[in-house]
1. Give the stretch 398-430 a look and list any residue that's among the basic types (Lys, Arg) and in contact with a Gly (Cβ under 9 Å, 6 or more places away or on another chain), or say none.
2. Go through (1) assigned to a helix (DSSP H, G or I); (2) over 16 Å from Gly301 (Cβ atoms); (3) of a type in the set (Asp, Glu) one by one and return the number of the condition Glu124 breaks.
3. Tell me which residues, restricted to the stretch 254-292, are touching a residue at least 24 places away in the same chain (Cβ under 8 Å), over 18 Å from Leu149 (Cβ atoms) and not in a helix (DSSP H, G or I).
4. If only one of Ala215, Ala164 is touching a His at 6+ places or on another chain (Cβ under 9 Å) and either away from the ligand (no atom under 16 Å from the Cβ) or outside the structural domain of Lys345 (by TED's automatic domain parsing) (or both), which one is it?
5. For the stretch 98-121, which positions are outside any helix (DSSP H, G or I), surrounded by fewer than 18 Cβ atoms within 10 Å (Cβ to Cβ) and in contact (Cβ under 8 Å) with a residue 60 or more places away in the chain?
6. Where residues in the stretch 359-397 are more than 12 Å from Asp436 (Cβ to Cβ) and among the β-branched types (Val, Ile, Thr), which of them is modelled with the lowest pLDDT?
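The values are calculated or read from the model by the stated rules, or taken from the named source; none is laboratory data. Nothing here was measured: the structure is a model prediction, and the numbers come from that model. Note: ideal-geometry Cβ built from the backbone for every residue, glycine included; neighbour counts use all protein chains shown.
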Amino acid sequence: MPDPKSKSALKKLPSVDALLRTVDGAQLENDYGHDLVVAAIREVTGDVRRKVGREGSTIPLPEIILQDVQLLLQAWTRPTLEPVINATGVILHTNLGRSPLSAETISAIQKAAQGYSTLEFDLESGKRSSRYLHAEDLLVRVTGAEAGLVVNNCASALMLILAALSNKRRTLVSRTQLIEIGGGFRIPEVMAQSGAILEEIGTTNRVHLRDYQQAIEELPIKLVLRAHRSNFQLVGFTSEPTLEEIVKVAHQADIPLVDDLGSGALLDTAQYGLAHEMTVMESLAAGANVVCFSGDKLLGGPQGGVIVGRKDLIDKMRQHPIARAVRADKLALAGLAATLLHYLKGEAEKKIPIWQMISMDLDLIEERARHWMRVLKTGTLVQGESAVGGGSLPGERLPTWLVALEIKNPDQFLALLRRSHPPVIARVEDDRVLLDPRTVLIQQEGALLVELQNALV
Ligand SMILES: *Cc1c(COP(=O)(O)O)cnc(C)c1O
């Protein structure tokens with residue numbers, strides 16, 4: 001029970017209406033809308049009431065109450081999906097949204113978002129058309145495949161491919177490729193969900209061509225799947241036939257081969273000092289009948305699942321009910337088309353942020369790091385490594401220059417940086433905070449330095 005003194009004090013607590021009638025209250029109502037402001041006032045005045053009752057504290061002035069209301073409203077309405085500065089040096093950072101987009105891609109997405117579009121409309125005939133057309137011509141031109149199809153992501157692409165082509169029958173896959181990619185994506189589980197029957201061959205470390213031959217001779221195999229290992233390496237006592245060899249065996253029995261490439265490189269990673277990653281074109285040239293890959297890994301576009309390959313097989317997928325369930329939205333289609341155009345025009349390395357990062361000149365990275373240290377008036381230049389990330393090129397590293405900050409409590413400093421606006425994501429190694437210029441977008445550099453200066457004082 002509140003004592004009589006606090007009871008009389010509570011009478012002085014302004015009412016919701018009184019608070020709304022003040023200048024500050026009216027401003028908040030204008031900014032956030034009536035109902036939300038009332039809810040926030042109730043929450044704050046409820047706290048005041050409890051405090052006065054319990055601790056006998058005095059009633060704050062209306063301005064003070066409204067300040068708390070404003071803080072609460074800010075917290076309630078702050079977007080949870082916030083832009084951050086990625087100073088980790090991991091280029092395709094899955095937790096940070098994989099690939100940033102090119103200016104042209106952003107503009108295409110914005111145009112598609114702003115109004116109506118020809119998503120499923122043919123201007124020539126004035127009749128309904130298909131959303132699948134938009135990226136297809138470009139995909140065909142860029143990859144040389146017969147046909148193409150874009151769905152929601154690579155996981156759903158694989159699901160659709162297996163559902164449409166395996167027809168609930170046996171799909172052959174090697175145990176060396178029964179991978180888990182992260183976020184609960186496990187090849188065997190996706191296969192089971194698609195209705196395909198998984199026919200495993202080989203062992204975890206070794207599979208031979210005769211394993212493929214034997215299974216195909218003995219069982220009614222409908223499809224052969226090859227999955228890119230993406231996030232780990234097979235080393236030691238291992239063996240795997242090449243894609244060409246598997247294709248040959250499958251084709252002799254008239255069985256289509258599906259290659260889940262995952263990251264889907266369209267450029268040769270070897271020209272940047274990385275291991276060579278099989279490109280989509282190479283997979284097709286090796287004879288894969290269907291190839292699938294993500295839109296936001298090494299392609300450097302928006303989220304999407306790209307499928308290219310034989311026309312009759314792609315047609316089967318288009319007609320399958322799952323296609324409707326996993327279809328790409330207009331924003332992704334607009335963005336993907338704009339990104340693909342960079343490849344077609346031979347300007348991918350220049351225009352697509354992830355390729356700019358992969359190909360970034362070491363001298364430029366050093367120059368940027370030195371500039372940061374001059375502005376910050378602290379830090380040491382150290383050699384280090386950046387990673388491609390995102391389930392692409394596991395174990396591969398790019399040499400880089402890092403700014404190392406000697407901080408008493410580095411983990412606390414990282415936490416402080418995460419709370420800045422925009423949040424800065426960095427890493428700690430050997431008790432030092434490390435910042436990699438490679439993954440910091442040029443237009444974010446100013447903001448980064450301001451936040452670092454604030455955190456360093
Ligand atoms: C990343 C990856 C996927 C999943 O791609 P999402 O676009 O994230 O759905 C599927 N297969 C392989 C081999 C991958 O590397």
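1. Listed by number, the list holds a single entry, Arg427.
2. With (1) assigned to a helix (DSSP H, G or I); (2) over 16 Å from Gly301 (Cβ atoms); (3) of a type in the set (Asp, Glu) applied to Glu124, the lone miss is (1).
3. Passing the criteria: Ile255, Ser263, Ala265, Leu267, Gly273, Leu274, Ala275, Glu277, Met278, Ala286, Gly287.
4. Ala164
5. Within the stretch 98-121, Ser117, Leu119 meet the criteria.
6. Selected residue: Val388.
Residues are listed down the side, and each one gets a yes or a no for (1) among the polar types (S, T, N, Q); (2) surrounded by fewer than 17 Cβ atoms within 10 Å (Cβ to Cβ):
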| residue | (1), (2) |
| --- | --- |
| Leu333 | no, no |
| Glu347 | no, yes |
| Met357 | no, no |
| Glu366 | no, yes |
| Arg370 | no, yes |
| Arg374 | no, yes |
| Ser386 | yes, no |
| Leu402 | no, no |
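For every residue, the table says whether it meets (1) at pLDDT 95 or above; (2) within 16 Å of the ligand (Cβ to nearest atom); (3) in contact with a Pro (Cβ under 8 Å, 6 or more places away or on another chain).
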{"site": "Lys168", "(1), (2), (3)": "no, no, no"}
{"site": "Ile179", "(1), (2), (3)": "no, yes, no"}
{"site": "Gly184", "(1), (2), (3)": "no, yes, no"}
{"site": "Ile187", "(1), (2), (3)": "no, yes, no"}
{"site": "Asp211", "(1), (2), (3)": "yes, no, no"}
{"site": "His228", "(1), (2), (3)": "no, yes, no"}
{"site": "Ile255", "(1), (2), (3)": "yes, no, no"}
{"site": "Ser263", "(1), (2), (3)": "no, yes, no"}
{"site": "Leu267", "(1), (2), (3)": "yes, no, no"}
